[in-house]
Amino acid sequence: MVTGGIDFNLIRFSRLYKKKLQPWKNHLLSQAARLTLIKFVLTAIPTYHMSYYRLSKQETQKCNSLIARFFWGSEANRRKPHMVAWDKICQPFKLGGLGVKNMSDFNFDMLAKQLWRIIQETSSLFSQIMTRKYGNPRLEGKFKCPSNASPSWKCIFLQMI
């Protein structure tokens, strides 16, 4: 599986999350305020990277873990119990969840969106480059992923399989 590189991404995301969370002491924010911070700041940090690279299972679990620990008010030296399963919190409001993005699903969605852009927005520069280099996705069997393809293309291509 092609990923963005476990050594680079996991360390980078961990540092970014910890940097964003450090000034916000858990005891100063209500759970509603932490939820707002999670939904509008923490899930936006890896958005660009996840649009072009598939994160490994370990990377998405680490991101989810950091977010969950912040949500429940855990600190580095003191953990608090998680009262509800993270999968339940990641469900939409209509299904009883809080609407927090699960990083694994979000990564899949962002890569699928890039593939959709290649197929639907044929006049975009991105679509034209990818179609000329890797074949026409609208013609079945004409999309290819050579061994020397770019890492981001391999991640997008894997969404079709």
*Top to bottom by accessible area (1.4 Å), largest first, where do 110, 103 land?*
110, 103
*Keeping all protein chains in position, work out how much accessible area residue 89 exposes to a 1.4 Å probe, and write it in Å² to the nearest 10.*
10
*With a/c under 1.5 counting as rounded, go ahead and sort the stretch 10-103 into rounded, prolate or oblate using the C-alpha gyration tensor (a ≥ b ≥ c being the square roots of the eigenvalues; past the cut-off, prolate if a/b is larger than b/c, else oblate).*
oblate
*Rg and Dmax of the stretch 109-158, Cα atoms, in Å?*
10.0, 27
*Tell me, what is the 1.4 Å probe accessible area of residue 47, in Å² to the nearest 10?*
40
*Just reorder 27, 82 by solvent-accessible area, largest first, 1.4 Å probe, all chains present.*
27, 82
*Can you give the accessible area of residue 71 in Å² (nearest 10), computed on protein heavy atoms with a 1.4 Å probe?*
10
*asked:* Just to confirm, what accessible area per residue do you get for the stretch 10-103 at 1.4 Å probe, in whole Å²?
replied: 61
*Put 90, 155 in order of accessible area, largest first, 1.4 Å probe: what do you get?*
90, 155
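The values are calculated or read from the model by the stated rules, or taken from the named source; none is laboratory data. Everything numeric here is computed off the predicted structure, so don't read it as measured data. Note: accessible area is taken over every heavy atom of the protein model, side chains too, but ligands, DNA and RNA are not part of it. Shrake-Rupley method; radii C 1.70, N 1.55, O 1.52, S 1.80 Å.
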